[in-house]
Amino acid sequence: MTFEVQNGRFSYGGQKNIIDNISFTLHQGKVLSVLGPNGVGKTTLLKCLMGLLKWNSGCTLLDGKNIRDYSPKEFWSKVAYVPQAKQSTFAYTALEMVTFGRSAHLDFFRQPTDEDRRTALACMKDIGIDFLQNKLCSEMSGGELQMVLIARALAANPQLLVLDEPESNLDFKNQLTVLDTIKDLSRTKNISVIVNTHYPDHAIQIADSTVILKRNGECLYGDTARIINEANLIDAFNVKVRLRDVLIEEETYTCVIPVSA
């Protein structure tokens, strides 16, 4: 699978472009992070590249074909979207919620089968949350619900997984769980991932390539190790930062240290 955005531009109501001439390519089994400050248009970018909002100019291609030329069922059988997790008020169990992810493969009036439920449970086992299968989503913590939503997306058996701030509002442990899950899905399941994040450290940790959105609509794109540097972070976030490598148990981690606004 190859997923491309070519010369994408977008504005609301003919105003100044929020996203101005963005292009990137994502290959099978790779992770792309979308990085930028609050209000810069990260979620808008995700919606544009999936066709939920229409580019003012430019296009999105999936395997060389404009996504506008796919039927909705065909497109969503290849691409799965996990929006920002909100506390659920629905009294569905985790297994029921994950089974909803099979809808991309069901006819309009067909109910999920036992095979669909087995597939859903297998997705939960793959990311280590099958113990939650009978727990109500309305009684879950933010971290639990986020993992259930990821499992629901995986139940569609997608080639591309798009996640909007999946680690937001989670504690350290749950953030690490989500990040480890993303890395594992790309490496062992060969699923491509686009993840929107506020955290440069997280992008460095999991992403092969990165898009940085700036407030003037400009977009930077390249290999993560090259594109996430002090100059680009200072310019994008308007914060003085330092990048430092730390060696822990024979593995090097790059830390992003905010110094001053």
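The values are calculated or read from the model by the stated rules, or taken from the named source; none is laboratory data. What you are looking at is a predicted structure, and each value in this text was computed from that prediction instead of being measured. Cβ coordinates were reconstructed from backbone atoms using ideal geometry, including for glycine residues, and neighbour counts include every protein chain displayed.
The selection criterion, being farther than 30 Å from Val239 by Cα, at pLDDT below 90, surrounded by fewer than 23 Cβ atoms within 10 Å (Cβ to Cβ) and not assigned by TED's automatic domain parsing to the domain that holds Thr224, does not hold for Asp130. Residues in the stretch 56-98 that are under 15 Å from Gln146 (Cα atoms) and among the β-branched types (Val, Ile, Thr): Val82, Thr89, Thr93, Val98. Which ones in the stretch 29-62 are in a loop (DSSP other than H, G, I, E, B), surrounded by 12 or more Cβ atoms within 10 Å (Cβ to Cβ) and either not polar (S, T, N, Q) or not assigned by TED's automatic domain parsing to the domain that holds Ala207 (or both)? If the condition is that a residue be in a loop (DSSP other than H, G, I, E, B), surrounded by 12 or more Cβ atoms within 10 Å (Cβ to Cβ) and either not polar (S, T, N, Q) or not assigned by TED's automatic domain parsing to the domain that holds Ala207 (or both), then Gly29, Lys30, Gly36, Pro37, Val40, Gly41, Met50, Gly51, Leu53, Trp55 are the ones that fit. Taking the listed residues Leu179, Leu163, the one that is over 22 Å from Asp116 (Cβ atoms), in contact (Cβ under 8 Å) with a residue 60 or more places away in the chain and either of a type in the set (D, E, K, R) or crowded, with 19+ Cβ neighbours inside 10 Å (or both) is Leu163, with no other qualifying.
Being closer than 28 Å to Gly39 by Cβ and in a helix (DSSP H, G or I) is the requirement here; does Leu179 meet it? For Leu179, the condition - closer than 28 Å to Gly39 by Cβ and in a helix (DSSP H, G or I) - is met. Within the set Gly222, Gly217, the sole residue that is more than 24 Å from Met1 (Cβ to Cβ) and out of contact with any Leu (no Cβ under 8 Å at 6 or more places or on another chain) turns out to be Gly217.
Looking across the stretch 197-212, the residues that are farther than 17 Å from Gly29 by Cβ, modelled with pLDDT of 95 or more and not in a helix (DSSP H, G or I) come down to Val211, Ile212.
Please determine, by comparing only the residues of the stretch 14-28 that are over 14 Å from the mean Cα position of the chain (by Cα) and of a type in the set (A, V, I, L, M), which one is surrounded by the fewest Cβ atoms within 10 Å (Cβ to Cβ). For the stretch 14-28, the residue satisfying everything is Ile18.
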